[in-house]
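The values are calculated or read from the model by the stated rules, or taken from the named source; none is laboratory data. Here the structure is a predicted model, which means the values were calculated and not measured. Reconstructed Cβ throughout: ideal geometry from the backbone, glycine too, with neighbour counts over all protein chains shown. SASA here: full protein model, heavy atoms, side chains in, ligands and nucleic acids out. Shrake-Rupley method; radii C 1.70, N 1.55, O 1.52, S 1.80 Å.
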Amino acid sequence: MDTIIILDFGSQYTQLIARKVRELNIYCEIHPYNKIPVLDSNVKGVVFSGSPYSCNSADAPIPNMENIKGKLPLLAVCYGAQYLAKWGGGSVQQSKIREYGRANLQYIDSTNPLMKGIGVGSQVWMSHGDTIERVPENYRCICSTDNVKYAGYQIEGEETYAIQFHPEVHHSVDGLTLLKNFVVDICHCDQSWTPASFVETTVADLKAKLGNDKVVMGLSGGVDSTVAAVLLHKAIGQNLHCIFVDNGLLRKNEFESVLENYKGMGLNVKGVDAKNRFYSLLAGVTEPEKKRKIIGKTFVDVFDEESKLITDAKWLGQGTIYPDVIESSSVKGPSQTIKSHHNVGGLPDYMKLKLVEPLRSLFKDEVRRVGRQLGIKDELIGRHPFPGPGLAIRILGDITPEKVEILQNVDDIFIQGLRDNGLYDKVWQAGAILLPIQSVGVMGDERTYERVVALRAVESVDGMTADWSHLPYEFLAKVSNEIINRVKGVNRVCYDISSKPPATIEWE
Ligand code: XMP
């Protein structure tokens with residue numbers, strides 16, 4: 001498969017370069033600049049990312065270019081462009097004027113293949129503190145802005161290109177054209193990496209890797225584990241043994257409906273009712289981190305017992321996706337993010353199995369596209385994220401089965417309301433929170449003293465930051481009425497209007 005290698009020098013935008021290349025249906029991988037992989041014949045080109053470092057600083061990241069420069073097409077972005085200019089004997093200095101934000105290309109060498117289809121005036125996004133003052137003689141300028149002469153250059157006689165702006169950022173309006181010129185015209189990559197081709201090659205690879213081995217896998221009802229399980233099932237059928245644990249903290253009827261969906265897809269799945277075990281261990285516990293720890297440990301115990309019942313299992317299936325992988329091998333420090341199961345010894349038995357992670361190379365939106373390709377229902381693919389500890393971190397204070405039931409009913413009215421009003425897919429995540437207080441109300445002629453719930457809905461891209469959703473007042477009014485009328489024990493509904501940061505999405 002044609003592949004582009006992106007070397008990461010620590011830029012905040014590195015993942016975006018990969019997303020854009022993938023958007024062009026070309027496979028690419030991100031690697032730290034100091035861990036260059038073997039560049040086999042599939043590798044058609046290399047991209048250097050930007051970096052927060054100055055190439056003049058003592059600790060500037062320095063790549064080994066021996067097998068790259070002059071041997072493979074290379075596109076150096078921002079820091080990469082400055083590094084290459086300095087490396088060749090040019091000069092890079094701290095820029096005297098601000099080179100941050102939008103700029104326009106006022107000169108373009110339209111004969112240069114990298115600039116094909118990009119017109120004078122094209123807006124680009126700059127984000128750098130240093131600037132290239134002088135380039136070596138054999139570096140030819142291919143574009144400039146009013147303030148930045150060497151906005152882009154090519155090294156003569158080589159397929160080595162460099163640009164100081166960021167084509168991967170949305171504000172560079174012809175950025176995708178530029179990247180396409182590089183990966184398609186210059187690197188000659190075939191644009192054939194699609195969800196269908198991914199499914200085909202992954203299933204074949206899984207078949208070859210797993211043979212007749214048994215795989216155990218925990219399902220959560222979420223998108224990643226579902227898509228991973230369906231891929232594994234396509235490869236090894238009934239040798240995939242799935243376990244879906246009811247921790248008593250799922251949404252209303254979720255365990256039954258998700259289990260039914262899984263069975264409908266032909267998955268060999270065992271539903272384990274561990275509700276009471278979780279409730280009794282959580283009884284009286286109010287501290288959020290303690291709740292999380294109890295739930296995590298109990299899940300491990302249940303899963304371990306269940307996986308032991310599957311004799312001769314050799315592999316553990318997981319729904320790990322690419323952002324997790326990049327995070328644990330990033331320039332910024334791999335060691336502290338390595339997961340604890342890499343530390344074999346004294347661990348539950350199932351953790352000693354070999355790992356199989358069919359989605360390791362995919363971004364979240366790609367997982368969804370693959371899921372659709374596999375024919376998984378939209379109902380499962382489009383689900384909002386839901387935290388592992390479930391409703392436990394939305395019940396402030398201690399957890400009882402009664403409180404879980406109240407919250408499930410409130411949450412169900414809210415989520416169903418979002419669906420019925422065409423709002424579910426417009427918000428990134430939504431849910432309800434049961435507060436540890438009571439308030440006075442009046443119902444008929446009676447004074448009531450009952451529970452308060454909060455509703456939360458947010459817009460986000462990745463959960464790292466989030467804005468509260470501006471849901472229509474009419475909708476909120478209707479949902480509030482319905483909750484108070486239908487859920488016994490609740491007499492007041494609030495709407496959370498805090499953004500993250502400084503608030504978080506979950507309340508605990
Ligand atoms: P916060 O509350 O940190 O949440 O803004 C960001 C995203 O992460 C989810 N979340 C969790 N997911 N285990 C999980 O699997 C957890 O302990 C956990 N805590 C928060 C949250 O639902 C949101 O999508």
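Here is how the numbers come out for the structure above:
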{"read-out": "DSSP bridge orientation in the chain - percent antiparallel, rounded to nearest 5", "value": "45 percent"}
{"read-out": "Order of exposure, largest accessible area first, which applies to Arg98, Arg134 with probe 1.4 Å", "value": "Arg98, Arg134"}
{"read-out": "In sequence order, calculated HN-Hα J values of the range 106-118 (Karplus, 6.51, -1.76, 1.60; Hz; x Gly/Pro)", "value": "9, 10, 9, 7, 6, 7, 7, x, 5, 9, 3, x, 10"}
{"read-out": "Computed magnitude of the charge dipole of the range 368-435 (debye, nearest 20; Cβ of K, R +1, Cβ of D, E -1)", "value": "480 debye"}
{"read-out": "Karplus (6.51, -1.76, 1.60) ³J(HN,Hα), θ = phi - 60°, over the range 182-190, in Hz, Gly and Pro reported as x", "value": "5, 6, 8, 7, 8, 8, 6, 6, 7"}
{"read-out": "Helix-only mean residue ellipticity at 222 nm for the chain, each DSSP H run of n ≥ 4 adding -39500 (n - 2.57), per residue, nearest 500", "value": "-9000 deg cm²/dmol"}
{"read-out": "Shape of the range 62-165, Cα gyration tensor, a/c cut at 1.5", "value": "oblate"}
{"read-out": "Accessible surface, per residue, of the chain when the full set of protein chains is kept, probe 1.4 Å, Å²", "value": "46 Å²"}
{"read-out": "Chymotrypsin sites (Phe, Trp or Tyr not before Pro) restricted to the range 415-478 and DSSP loop, no more than 11 other C-beta within 10 Å", "value": "none"}
{"read-out": "The range 174-268: C-alpha gyration tensor shape, a/c 1.5 cut-off, then a/b vs b/c", "value": "oblate"}
{"read-out": "Sites Ala204 and Asn485 - FRET efficiency at Förster radius 51 Å, r taken between beta-carbons, to 0.05", "value": "0.40"}
{"read-out": "Difference of contour (0.36 nm per residue) and Cα-Cα distance, Asn67 to Ile437", "value": "126.7 nm"}
{"read-out": "Cut-off 16 Å (backbone N to label point 7 Å along Cα→Cβ of Val173), residues of the range 75-105", "value": "102-105"}
{"read-out": "Proximal lysines to Lys275, defined as alpha-carbon separation beneath 24 angstrom and excluding residues fewer than eight positions away on the same chain", "value": "Lys252, Lys263, Lys290, Lys291, Lys293, Lys297, Lys308, Lys403, Lys488"}
{"read-out": "Förster-model FRET efficiency, 22 Å R0, Asn421 and Ser257, C-beta, rounded to 0.05", "value": "0.60"}
{"read-out": "Separation in nanometres of the label points that stand 7 Å from Cα toward Cβ, at Thr311 and Glu137", "value": "7.8 nm"}
{"read-out": "Charge context of Pro167, other residues only, Cβ under 15 angstrom, K/R +1, D/E -1", "value": "+2"}
{"read-out": "Cross-link pairs beyond the 31 Å C-alpha cut-off, checked among Lys207/Lys377; Lys71/Lys209; Lys270/Lys478; Lys35/Lys364", "value": "Lys71/Lys209; Lys270/Lys478"}
{"read-out": "Nonlocal amide H pairs with Trp428, under 5 Å, H built at 1.01 Å", "value": "Val458, Glu459, Ser460"}
{"read-out": "Ile142 long-range amide H proximity, modeled H, under 5 Å", "value": "Gly152, Tyr153, Gln154"}
{"read-out": "Label-point separation, Val300 to Phe475 (7 Å along Cα→Cβ), nm", "value": "4.0 nm"}
{"read-out": "Amide H contacts under 5 Å for Cys28, placed H, 5+ residues apart", "value": "Ile4"}
{"read-out": "Percent carbon-and-sulfur accessible area, the chain, ignoring ligands, DNA and RNA, probe 1.4 Å", "value": "49 percent"}
{"read-out": "Whole-angstrom gap from the range 32-99 to the range 479-508, using each part's C-alpha centre", "value": "50 Å"}
{"read-out": "Dipole moment magnitude, nearest 20 debye, the chain about Cα centre, only Lys, Arg, Asp, Glu C-beta charged", "value": "320 debye"}
